[in-house]
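*Asks:* Okay, here's the structure, questions in a sec.
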Amino acid sequence: MTGPLFDSHMHTPLCGHASGSPREYAQAALDAGLAGICFTDHMPMPAWYDAPWRMRLDQLAQYVQDVQEAQAEFAGRLDVRLGLEADFHPGTERFVEGVLGAHPWDYVIGSIHYIGAWGFDNPEFIAEYDSRDLAGLYRDYYALAEGAAKSGLFDSIGHLDLPKKFGHRDPDGYAALHALDVIAERGLALDFNTAGWRKPVAEAYPAPDLTRQAAERGIPFVLGSDAHTPGEVGHRFTDAIKQIHDVGGRIVTYQGRVRHG
Ligand SMILES: [Zn+2]
Ligand SMILES: [Zn+2]
């Protein structure tokens, strides 16, 4: 059974690489028959970290205001929530903690986009995969995912198996299972992210086998399209729900950082 559907992962133009106003994302959600959405734009980070791909700290108040305007406009028709996609990058935890404390967010995703200084999901740096040992890469990546889960900063882990984006799949899988143990132990959810279906790997994050392993550990899923344009809102949610329910998984949402469903 599926309750009212939310899309809890989407962006705004403030991050510099998304298009469409919050009200256009909200309208798209309404047109798609969703009950609600949660904006989770790329949060501000220290100035030296990934600056072109996120809002600046001095834009945070604008972000809150833009989403609150959509909230007011769609009140009674669509439940519009306000969250963030945070990055977990060792050394930035205190900065992140500060931003998370600056506003009562509904939902915070913790994502890993960097291994060391390498932005591994950036198509510009894809050649780096050829000079890495894939098993080692995934071990390093999942160690970071465990760090994110243990940091206590986040409600969910974003796009769990992201290094597969361009087709470089995990050759063993043990590190992933260990990370799932930690995620379950710490009580986090997983961002079930349908953007993977729009990427070369052509598979949602997490993969079907990891979806099963997560469900077996009692880890719930938060549906997210990772929309960077309004047309992507609710992308392939029917397939997402099927993949989750096929393995007995549970779909939840967050409000005021409390899990529902
Ligand atoms: Zn983005
Ligand atoms: Zn995202």
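*Asks:* Out of the residues in the range 154-198 that are among the small types (G, A, S) and in a strand (DSSP E or B), state the one that is farthest from E97 (Cα to Cα).
*Replies:* It comes out as A189.
*Asks:* Would you pick out the residues in the range 88-107 that are closer than 25 Å to L223 by Cβ and crowded, with 22+ Cβ neighbours inside 10 Å?
*Replies:* Those that are closer than 25 Å to L223 by Cβ and crowded, with 22+ Cβ neighbours inside 10 Å: F88, V96, W105, D106, Y107.
*Asks:* R257 fails exactly one of the following numbered conditions: (1) crowded, with 23+ Cβ neighbours inside 10 Å; (2) under 17 Å from D106 (Cβ atoms). What is the number of that condition?
*Replies:* (1)
*Asks:* I'm checking my understanding of the structure. Among residues of the range 154-177 that are surrounded by fewer than 17 Cβ atoms within 10 Å (Cβ to Cβ) and touching a helix residue (DSSP H, G or I) at 6+ places or on another chain (Cβ under 7 Å), which one is nearest to I244 (Cα to Cα)?
*Replies:* So, considering only residues that are surrounded by fewer than 17 Cβ atoms within 10 Å (Cβ to Cβ) and touching a helix residue (DSSP H, G or I) at 6+ places or on another chain (Cβ under 7 Å), the one nearest to I244 (Cα to Cα) is L177.
*Asks:* Within the range 103-140, how many residues are closer than 16 Å to G91 by Cα and of a type in the set (S, T, Y)?
*Replies:* Adding up the residues that qualify gives 2.
*Asks:* I need a count of the residues in the range 221-261 that are within 15 Å of the chain's Cα centre (by Cα), more than 13 Å from N193 (Cα to Cα) and part of a loop (DSSP other than H, G, I, E, B).
*Replies:* 2
*Asks:* Which of the numbered conditions does L100 fail, given that it passes all the others? Conditions: (1) in contact (Cβ under 8 Å) with a residue 40 or more places away in the chain; (2) under 22 Å from T229 (Cα atoms); (3) within 17 Å of the chain's Cα centre (by Cα).
*Replies:* (2)
*Asks:* Being open to solvent by 10 Å² or more (accessible area, probe 1.4 Å), in a helix (DSSP H, G or I), away from ligand 1 (no atom under 16 Å from the Cβ) and touching a helix residue (DSSP H, G or I) at 6+ places or on another chain (Cβ under 9 Å) narrows it down to one of A149, A72, A145, A135, so name that one.
*Replies:* A135
*Asks:* List the number of the failed condition for H17; all other conditions in (1) within 11 Å of ligand 2 (Cβ to nearest atom); (2) in a strand (DSSP E or B); (3) more than 22 Å from G98 (Cβ to Cβ) hold.
*Replies:* Result: H17 fails condition (2) only.
*Asks:* Mind telling me which of the residues R250, R217, R236, R212 ends up being within 24 Å of W105 (Cβ to Cβ) and of a type outside the set (G, A, S)?
*Replies:* R250
*Asks:* Has the range 65-77 got any residue that is under 19 Å from the mean Cα position of the chain (by Cα) and farther than 30 Å from P4 by Cβ?
*Replies:* No.
*Asks:* Out of curiosity, is D50 within 16 Å of ligand 1 (Cβ to nearest atom) and on the phi > 0 side of the Ramachandran plot?
*Replies:* yes
*Asks:* Further question on the same structure: Can you find, within the range 20-69, the residue that is most open to solvent (accessible area, probe 1.4 Å) among those that are under 27 Å from I115 (Cα atoms) and of a type in the set (F, W, Y)?
*Replies:* W48
*Asks:* Would it be correct to say that A72 is free of Cβ contacts under 8 Å to residues at least 24 places away in the same chain and at negative phi?
*Replies:* Yes.
*Asks:* Mind checking which residues of the range 121-132 are in contact (Cβ under 8 Å) with a residue 24 or more places away in the chain and either of a type in the set (G, A, S) or outside any helix (DSSP H, G or I) (or both)?
*Replies:* The answer is D121, and nothing else.
*Asks:* Please work out if H113 is within 16 Å of ligand 2 (Cβ to nearest atom), within 26 Å of G234 (Cα to Cα) and open to solvent by 10 Å² or more (accessible area, probe 1.4 Å).
*Replies:* Taking the combined requirement at face value, the residue satisfies it.
The values are calculated or read from the model by the stated rules, or taken from the named source; none is laboratory data. Quick caveat: nothing in here was measured; it's all calculated off a predicted structure. Note that each Cβ is placed from the backbone with ideal geometry, even for glycine, and that neighbours are counted across all protein chains shown. Accessible surface areas use protein heavy atoms only, side chains included; no ligands, DNA or RNA. Shrake-Rupley method; radii C 1.70, N 1.55, O 1.52, S 1.80 Å.
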